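All remarks here apply to the structure that follows.
The values are calculated or read from the model by the stated rules, or taken from the named source; none is laboratory data. This structure is a prediction, so every number in the text was calculated from the model and none was measured. A quick note on method: Cβ atoms are made from the backbone with ideal geometry, for glycine too, and the neighbour counts reach across all protein chains shown. When the accessible area is computed, the model is the full protein with side chains, heavy atoms only, and any ligands, DNA or RNA have been set aside. Shrake-Rupley method; radii C 1.70, N 1.55, O 1.52, S 1.80 Å.
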Amino acid sequence: MAASAKRWGHGLIAMSLVFCGALSAQAAPSVEWSAEVGLGGWVVPGKFAPLRIDLTAASEGLGLLEVTVPQAGGGRVTHRRAIRLAPGARQQITFEVTVTDPRRPITVRLRRDGDEIARQEIRVGSGRVAEGIVAALTPERAGLEFLASGSRRRAAYLVEATMPSRWQFYDAADLVVLDALLASTLLPAQQEALVGWVAQGGRLLVVPRDGLPAEPWLAALLPARVGPPAHLPGFPFPLLRLSPEVPTERTGEEDFPLAVRRRFGLGLVELWAFDPFSPAARAWPGRVGLWQSLLATPGPTAAVPPALIDELPRTRPLPGSTQVALAGLSVAYLAAMRLVLRRWSGLRGGWILVPAVVGVFATALYAVASGAREAARSIAQVSVVEVLPEARRARVTTVVSLIAPYGGSVTAHLPAGAAVRLLEDGWIVLDESARTVTGGARRGSVALEVRQIIEIDLYAAVVDSAAAPQLLFSGDSPPPVDGLLARGRQIYRLGSGPVPRRMPLDPAGWTTWDRPGVLGTDLASRAVEVLLAHLAQRPEELWLVGRHVDDRTALRLPGGGMGESSRLLLLPVTLP
């Protein structure tokens, strides 16, 4: 008996050791990782920022990387991406996050087979928060020290590996400085990210190199050709000769400018005749004025007003068929209960029919209500496709309402290249592998802003002719549908259907847009009115507003529908 008990004791001890070993193996970290958030480590609240995760796994398998970013007001944004773990292989995964409350940590989790195998909290803190960022790709890591005094802007010295590959990651940058010598080292995705950001209103300063031909993608942005250097009186270093080739603004001598700038899309590209990071230039006091002039240049005015989100519906009524079904079931329930109580309630065992009838009708009502709840979940969205002048691109801003009036969540598929921002209290889950967004809120709807850049080749101009001024379109993309011209509080209707590529304008055709509802009461008409009211604050500009026929900017429900959707084209028109 004693021997048997002893054997059982040894067995229990062995099993305990095995169990503890299993727990230790599960608890032991199976990955090595590090994470950094921000452009050069700096974060501007409310702006997109890169979150880079370097990860090395100890075992093979499929994993799910999950990043939860708390938002001001109690909301949260969760990013998810499926990854394949390979033992010993280093992976770098980048998420685009929006930090609105730097005091609350970002949580990063790695899951495998549903279990959390690693977790890390990233604290931003007030010490890494800036009001703006000047990012520089240069071999030098000095030259931006003037930002440290009297400014909340911060310097971020980048290398080729940390240059963003998506335009969203430049969202917090006030200025990007690019050494032309390093332009050839950028990957195509990095090139397109920088060009797309500039086209939307970014500011780019290019440091030229004598005798170095610019890369084709960069040459398309530059305001001047670079010639051989020369020594000018008053400068402690030689200046390169800048020969403008497009309409530009110049600083310094007309024949030998110190700086030349041009517009590209809504952005600004400036070229200096010297390297501001060289030791001689850093010792020259005049450089600070050039930096400050460039940083003080105002950016473009937003073409999409925040009030546009207020035009989206936040709830949906029950469909008429569902209301009829609920009413019919209610009447049938009352009739059935009345019949049961009158005919069978006095019989032995007749009371059993009462809970049976209640159960049958409760099941039927629950089924109809569940179907109604699913049917009420939808999306409403308005996309504004703003054509960027001379950039062959358009900036797309889509405001979206995910509607779940009876609780639950709504899932929609995102368009290509979309960046998503939560606009109000609520929660969303961005599945980057499936390219979907799922969201909900306690009050039944949650609002989002979705931004992207698409290629578009369309230009409009008013040209003088002997008979009457004419509206002329150029480019390969088709004009909008149901268009109108807007200038101040005046509008000119271009008729229904596709706008012809050339049409005369009758000076008597201009009318005053003076009250809501004059264009209609549907979502598209209300959205146009909001745009017109916003554009009326810029009466010196002429705009064409119409319906956009391309649906690649729309979010879609799992069944392929777009909910209540409107897509508008906003095109600046050149005046003679």
Residue farthest toward the positive end of the dipole of the chain, with Cβ of Lys/Arg at +1 and Asp/Glu at -1: which of THR436, PHE169, PRO279?
-> THR436
With charges set only on the Cβ (+1 for Lys and Arg, -1 for Asp and Glu), what does the dipole of the range 42-104 come to about its Cα centre, in debye to the nearest 20?
-> 120 debye
Count the DSSP beta bridges whose two residues both fall in the chain, then state the antiparallel fraction as a percent rounded to the nearest 5.
-> 75 percent
ALA161 and GLN470 label points (each 7 Å along its Cα→Cβ direction) are spaced in nm at 5.8 nm
Quick calc, the chain, dipole around Cα centre from Cβ unit charges on Lys, Arg (+) and Asp, Glu (-), nearest 20 debye, gives 2440 debye
Given unit charges at Cβ for Lys, Arg (+) and Asp, Glu (-), the dipole magnitude of the range 86-205 about its Cα centre in debye, nearest 20, is 380 debye
Computed from the beta carbon distance with a Förster radius of 22 Å, FRET efficiency for ASP506 and GLN537 to the nearest 0.05 stands at 0.25
What is the calculated FRET efficiency for VAL462 to TRP217, with r their C-beta to C-beta distance and R₀ = 30 Å, to the nearest 0.05?
-> 0.40
GLY46 long-range amide H proximity, modeled H, under 5 Å = VAL99, THR100
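Using a Förster distance of 25 angstrom, determine the FRET efficiency expected from the C-beta separation of ALA142 and ARG52, and round it to 0.05.
Taking R0 as 25 Å, the efficiency between ALA142 and ARG52 is 0.55.
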What helices in the chain pass both tests, a Cα length along the helix axis of 20 Å or more and a mean Kyte hydropathy of 0.5 or higher, using whole DSSP H runs?
-> 2-27, 320-343, 353-376
Measuring from label point to label point, each 7 Å out along Cα→Cβ, what is the ALA280 to ALA335 span in nm?
-> 9.9 nm
The orientation-averaged projected area of the Cα convex hull of the range 266-317, in nm², is 6.1 nm²
Estimated distance in nm for a label pair at THR363 and THR94, the labels positioned 7 Å out from Cα along Cα-to-Cβ = 5.6 nm
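With all protein chains present, how much of the accessible area of the chain (probe radius 1.4 Å) comes from carbon and sulfur, to the nearest whole percent?
Whole-percent figure for carbon plus sulfur exposure: 57.
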Can you list residues whose amide H is under 5 Å from LEU388's amide H, if they're 5+ apart or on another chain and H is modeled 1.01 Å from N?
-> ARG393, ALA394, ARG395
Taking amide hydrogens as modeled 1.01 Å from N in the peptide plane, which residues meet the under 5 Å criterion relative to VAL207, leaving out close sequence neighbours?
-> LEU178, ASP179, ALA180
Expressed to one decimal in nm², the mean projection of the alpha carbon convex hull of the chain is 43.6 nm²
Per the rule of 0.36 nm per residue minus the C-alpha distance, extending ARG76 to PHE237 adds in nm 52.7 nm
Give the distance, in whole Å, between the Cα centre of the range 173-189 and the Cα centre of the range 242-295.
-> 17 Å
Take peptides 382-392, 245-255 and line them up by average Cβ neighbours within 10 Å, highest first, as a rough protection proxy.
-> 382-392, 245-255
Calculate, in nm to one decimal, what SER151 and THR251 gain on full extension: separation in residues at 0.36 nm each, minus their alpha carbon distance.
-> 33.6 nm
With a probe of 1.4 Å, find how much accessible area the range 177-253 has per residue, and write the answer as a whole number in Å².
-> 47 Å²
Taking the chain and dividing mean pair separation by its residue count, relative contact order in percent (alpha carbons under 8 Å, at least six apart) | 10 percent
Output ³J(HN,Hα) for the range 111-121: one whole-Hz value per residue in order, computed from phi by the Karplus curve 6.51 cos²θ - 1.76 cosθ + 1.60 with θ = phi - 60°, and x for Gly and Pro.
-> 10, 9, 6, x, 9, 7, 9, 7, 8, 8, 10
Dipole of the range 435-570, positive direction: furthest Cα of GLY561, TRP543, PRO480, with charges on the beta-carbon | GLY561
Work out the charge dipole of the chain with +1 on the Cβ of Lys and Arg and -1 on the Cβ of Asp and Glu about the Cα centre, then indicate which of SER465, HIS231, LEU414 is farthest towards its positive end.
-> LEU414
So what are the ³J(HN,Hα) numbers for the range 423-440, from phi and the Karplus equation (6.51, -1.76, 1.60; θ = phi - 60°), rounded to whole Hz, Gly and Pro as x?
-> 9, 8, 4, x, 9, 9, 10, 9, 8, 6, 6, 8, 6, 10, 10, 10, x, x
